[in-house]
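Following: one structure in structure tokens, then a few remarks.
The values are calculated or read from the model by the stated rules, or taken from the named source; none is laboratory data. Small disclaimer: the values here were computed from a predicted structure and weren't measured. Cβ: placed from backbone, ideal geometry, glycine included. Neighbour counts: every protein chain shown. Accessible surface areas use protein heavy atoms only, side chains included; no ligands, DNA or RNA. Shrake-Rupley method; radii C 1.70, N 1.55, O 1.52, S 1.80 Å.
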Amino acid sequence: MNKMTVMMAVALMAAGVTARTHEVSAWKGETLAFEFETAVEKTEIGFQPKLEGLPAGFVGKIGLARPVKFERQPHSGEFITARDRVEWNAKETALAAGCPRLVVVEVKVPASAKPGTVTFKASGDEVKLTVVDRVLPPAKEWKYFLDLWQHPWAVSRWENAKPFSKAHYDAMRPLWTALADCGQKVLTTTLTKLPWNHQCFDGYDTMIRHIRKADGTWTFDYSVFDEYVAFGKSCGIGPYIACYTMVPWKYFVYGETEDGKELKIQANPGTKEFEDYWKPFLVDFVKHLKEKGWFEQTYISMDERAPEDMRKISAFIVKYGEGLKIATAGNFDPSTMPDLKLQNYSPVIDTVTDDFLAKNLEQRRAAGFITTYYVCCVPHQPNTFMDSPLPESFWIGFYPAAKGLDGLLRWAFNSWPYDPRHDASFGNWRAGDTYFIYQDASPSVRLLELRNGIIAAEKFRILKEEGKRDAELKALAAKYDYFQARKQGVDLAPLRAETLKVVNAK
């Protein structure tokens, strides 16, 4: 519990406050999440927050943000907690007097709702919800390009289910559906085993079997890939398919012999081994994608590869891929390499300068290319770590709208450590770096605030395209300065509040 939280709790208790009024706004069709603290004057075992008086047609749920333990810094041995896992319909099991609880509310406003203010109660507090006379499209129609990497094998391990069995798909569905509700545009798939070596607690396997026959030729089994893509689309994820990767870390690729023996090959771009492994696959894969009707939606995706490797792989795909699209995340300026045709490029946030935007955005958009940005284990702030203040998650979600980018990429949606409900620590990564959701599909408060920021960004886009409030929107966008936001001690809560005020103005 941080100093500000303690001070707030003490102040509430001293004032004898037992109920307050919370004012929030939403467009018709929007799913709004918000959280608030309540002071506890005595331990209340069995306390359960409730929603009361929600108008007909409005769908709501309420819960508590449960504390999760983690190391303050990786390998430090110093453990702290953060209220991160949202448990809907939760009952209090133990809470020390004077420790504020974090109540989380989610309300879906019907698209047919009448504009105006509705009032209801949440955990005894009054909520005044202003329904703005605007309609937010369904998440699948948002133009915001969200790409949070999924990890099927983490679900398989946790559920003790055979990968891509019915039990595995049943366990993934509520997780993937929750991601679709955030506007996810990309399904994460794998072309070979361990595309990122083994940096996650659970290693990624391949979704496509590469089988080398006795005569040295290759055949490919797409059965898992096809089934998984169909599953992801049925959950509402897509329409795009990201295929990782033709340049895995350390450049090791895998296959098998006809009798099932594993093959491990080092295939550096530009080498004979690379061409022998990837040429027959790429030719066959293009044919398969076209047969399935997925060719236009598919990217060969890469992660933080050196520009010289990008040149080689780009030329290779152009030669054998019949126009197959390329996506990558990196820290270089694509305008300096016009020979690279990167239909989807995501620079790390540090490189998104005014100069970068001026050199790239208009040209890439005119070509029909996607340009997002990403954060990962860096920067320290703003970010979506377990100990990041919640307004940072909102800021991360809204930032692309302010800069004219298409959206956000981030690893990872559900790369869990051993059991993130009880200890979020894992390896060299700061807690929360590798996941936004818990095994039972309970969201983190970080995910809900990220979604709030994405929704605000989508509203901003809609308002901007109308061209009616240009000066106001431009002034708001100018306040999203990364180099200001990363300064120690900066409080992003006022900017969050201002953003919501602007995009929800009548």
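In the set (1) exposed (fewer than 12 other Cβ atoms within 10 Å of the Cβ); (2) free of Cβ contacts under 8 Å to residues at least 60 places away in the same chain; (3) over 28 Å from the mean Cα position of the chain (by Cα); (4) part of a loop (DSSP other than H, G, I, E, B), the condition left unmet by residue 76 is number (3).
For the range 101-112, the count of residues that are more than 22 Å from the chain's Cα centre (by Cα) and either at positive phi or exposed (fewer than 13 other Cβ atoms within 10 Å of the Cβ) (or both) is nonzero. Can you confirm whether the range 155-172 contains a residue that is touching a strand residue (DSSP E or B) at 6+ places or on another chain (Cβ under 7 Å) and either part of a loop (DSSP other than H, G, I, E, B) or of a type outside the set (Val, Ile, Thr) (or both)? The answer is no; no qualifying residue exists.
Considering the range 88-142 alone, what residues qualify as being free of Cβ contacts under 8 Å to residues at least 40 places away in the same chain and among the hydroxyl-bearing types (Ser, Thr, Tyr)? Listed by number, the list holds a single entry, 117.
Total residues in the range 444-471 satisfying the condition of being open to solvent by 70 Å² or more (accessible area, probe 1.4 Å) and part of a helix (DSSP H, G or I): the figure is 5. Do the conditions hold for residue 387, that is, is it touching a residue at least 24 places away in the same chain (Cβ under 8 Å), out of contact with any helix residue (DSSP H, G or I) (no Cβ under 8 Å at 6 or more places or on another chain), closer than 22 Å to residue 495 by Cα and among the acidic types (Asp, Glu)? Yes.
Within the range 148-179, take every residue that is closer than 21 Å to residue 33 by Cα and open to solvent by 10 Å² or more (accessible area, probe 1.4 Å) and give me the one that is nearest to the chain's Cα centre (by Cα). Taking the candidates together, the pick is 178.
Residues considered: 128, 140. Of these, the only one that is touching an Asp or Glu at 6+ places or on another chain (Cβ under 6 Å) and not in a loop (DSSP other than H, G, I, E, B) is 128. When residues in the range 23-68 are screened for being under 22 Å from the mean Cα position of the chain (by Cα) and over 20 Å from residue 122 (Cβ atoms), 3 of them pass. When you go through (1) outside any helix (DSSP H, G or I); (2) loosely packed, with under 14 Cβ neighbours inside 10 Å; (3) of a type in the set (D, E, K, R) one by one for residue 256, which number turns out not to apply? If we test residue 256 against (1) outside any helix (DSSP H, G or I); (2) loosely packed, with under 14 Cβ neighbours inside 10 Å; (3) of a type in the set (D, E, K, R), just (2) comes out false.
Here's the yes/no breakdown for (1) closer than 22 Å to residue 288 by Cα; (2) crowded, with 16+ Cβ neighbours inside 10 Å; (3) at pLDDT 95 or above:
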{"residue": "201", "(1), (2), (3)": "no, yes, yes"}
{"residue": "208", "(1), (2), (3)": "yes, yes, yes"}
{"residue": "214", "(1), (2), (3)": "no, no, yes"}
{"residue": "222", "(1), (2), (3)": "yes, yes, yes"}
{"residue": "228", "(1), (2), (3)": "yes, yes, yes"}
{"residue": "231", "(1), (2), (3)": "yes, yes, yes"}
{"residue": "235", "(1), (2), (3)": "no, yes, yes"}
{"residue": "244", "(1), (2), (3)": "yes, yes, yes"}
{"residue": "249", "(1), (2), (3)": "no, no, no"}
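Scanning the range 109-125 for residues that are charged (D, E, K, R) and in a loop (DSSP other than H, G, I, E, B) gives a single hit, 114.
Residue 331 passes every criterion in (1) open to solvent by 10 Å² or more (accessible area, probe 1.4 Å); (2) within 25 Å of residue 488 (Cα to Cα); (3) in contact (Cβ under 8 Å) with a residue 40 or more places away in the chain; (4) not hydrophobic (A, V, I, L, M, F, W, C) apart from (3). Take residue 295 and tell me if it is modelled with pLDDT of 95 or more and either among the basic types (Lys, Arg) or closer than 16 Å to residue 314 by Cα (or both). The answer is no for residue 295. Assessment of the range 366-374 against the conditions (more than 17 Å from the chain's Cα centre (by Cα) and under 22 Å from residue 490 (Cβ atoms)) yields no matching residue. Within the range 360-373, the set of residues being out of contact with any Asp or Glu (no Cβ under 7 Å at 6 or more places or on another chain) and either surrounded by 22 or more Cβ atoms within 10 Å (Cβ to Cβ) or within 20 Å of residue 476 (Cβ to Cβ) (or both) comprises 361, 373. When the residues of the range 410-437 are filtered to those that are open to solvent by 10 Å² or more (accessible area, probe 1.4 Å) and not in a loop (DSSP other than H, G, I, E, B), the one that is farthest from residue 75 (Cα to Cα) is 419. Residue count for the range 452-474 under the criterion of being of a type in the set (Lys, Arg) and farther than 13 Å from residue 401 by Cβ: the result is 2.
For the range 331-390, taking the residues that are assigned to a loop (DSSP other than H, G, I, E, B) and among the aromatic types (Phe, Trp, Tyr), the one that is nearest to residue 484 (Cα to Cα) is identified as 385.
Of all the residues in the range 1-50, those that are open to solvent by 90 Å² or more (accessible area, probe 1.4 Å), modelled with pLDDT of 70 or more and of a type in the set (A, V, I, L, M, F, W, C) number 1. Every condition in (1) part of a helix (DSSP H, G or I); (2) touching a Ser or Thr at 6+ places or on another chain (Cβ under 7 Å); (3) surrounded by fewer than 22 Cβ atoms within 10 Å (Cβ to Cβ) is met by residue 393 except one, and the failing one is (3).
On inspection, residue 474 does not qualify as assigned to a loop (DSSP other than H, G, I, E, B), over 19 Å from the mean Cα position of the chain (by Cα) and free of Cβ contacts under 8 Å to residues at least 24 places away in the same chain.
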